[in-house]
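As structure tokens, the structure follows; a few thoughts come after it.
The values are calculated or read from the model by the stated rules, or taken from the named source; none is laboratory data. Being a predicted model, the structure only gives us computed values, none of them experimental. With ideal geometry, Cβ positions are generated from the backbone for all residues, glycine too; neighbour counts draw on all protein chains shown.
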Amino acid sequence: MNKTVTGGIVVEQLRTKGKMASGMLLGLVLSCFTTTVILLILAFVMLKLQPETGVMETSILVTYAISCFLGGCYCGRKASRRKFAWGMLLGILYFLLLFLISGMGDRSVQSGLVQSMTALVICAGGGMLGGMVTR
């Protein structure tokens with residue numbers, strides 16, 4: 001193969017990776033923005049209606065799913081192949097960011113682990129579904 005052709009292939013691969021990295025970052029920003037808006041609405045609802053704890057915990061998990069779904073849709077639009085994988089990766093990165101920001105708090109390790117794994121599955125699944133439904 002000609003060096004020019006090989007160099008062109010490498011440059012094209014780097015452009016594709018850079019495009020996906022910026023798409024992933026913007027997808028994370030979109031997911032975080034969506035989460036912020038929905039959580040502000042939930043805080044207002046919680047203030048006015050004072051729902052049970054289980055209802056609010058479920059609402060927060062639904063918020064994570066919606067946010068990851070939208071971020072996965074964005075990443076799926078930017079990806080040319082394996083859109084579901086890019087969406088799932090976004091969901092996992094979103095969960096890691098969420099985990100770092102929120103921390104484990106004062107909960108027991110076992111209940112915190114179960115809730116964290118549930119959130120991880122919901123985030124990864126929401127992102128993967130978002131990536132799958134894009135064209």
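Things to note:
- Among the residues listed as Thr118, Thr134, the single one being surrounded by fewer than 16 Cβ atoms within 10 Å (Cβ to Cβ) and of a type outside the set (Lys, Arg): Thr118
- Residue within region 81-91 that is assigned to a helix (DSSP H, G or I), buried (at least 20 other Cβ atoms within 10 Å of the Cβ), out of contact with any strand residue (DSSP E or B) (no Cβ under 8 Å at 6 or more places or on another chain) and of a type in the set (D, E, K, R) present: yes
- If you go through region 30-62 and keep only what is surrounded by fewer than 20 Cβ atoms within 10 Å (Cβ to Cβ) and β-branched (Val, Ile, Thr), you end up with Thr34, Thr36, Val37, Ile38, Ile41, Val45, Thr53, Val55, Thr58, Ile60, Val62.
- Glu12 being at pLDDT below 95, exposed (fewer than 11 other Cβ atoms within 10 Å of the Cβ) and either under 25 Å from Gly125 (Cβ atoms) or of a type outside the set (Val, Ile, Thr) (or both): yes
- Counted residues, region 17-66 - those being of a type in the set (Phe, Trp, Tyr) and under 15 Å from the mean Cα position of the chain (by Cα): 2
- Remark: pairs (first residue in region 43-68, under 18 Å from Leu98 (Cα atoms); second residue aromatic (Phe, Trp, Tyr); Cβ separation under 9 Å; 6+ apart in sequence or on different chains) = Tyr64/Tyr94; Tyr64/Phe95; Ser67/Phe33; Ser67/Tyr94; Cys68/Tyr94; Cys68/Phe95.
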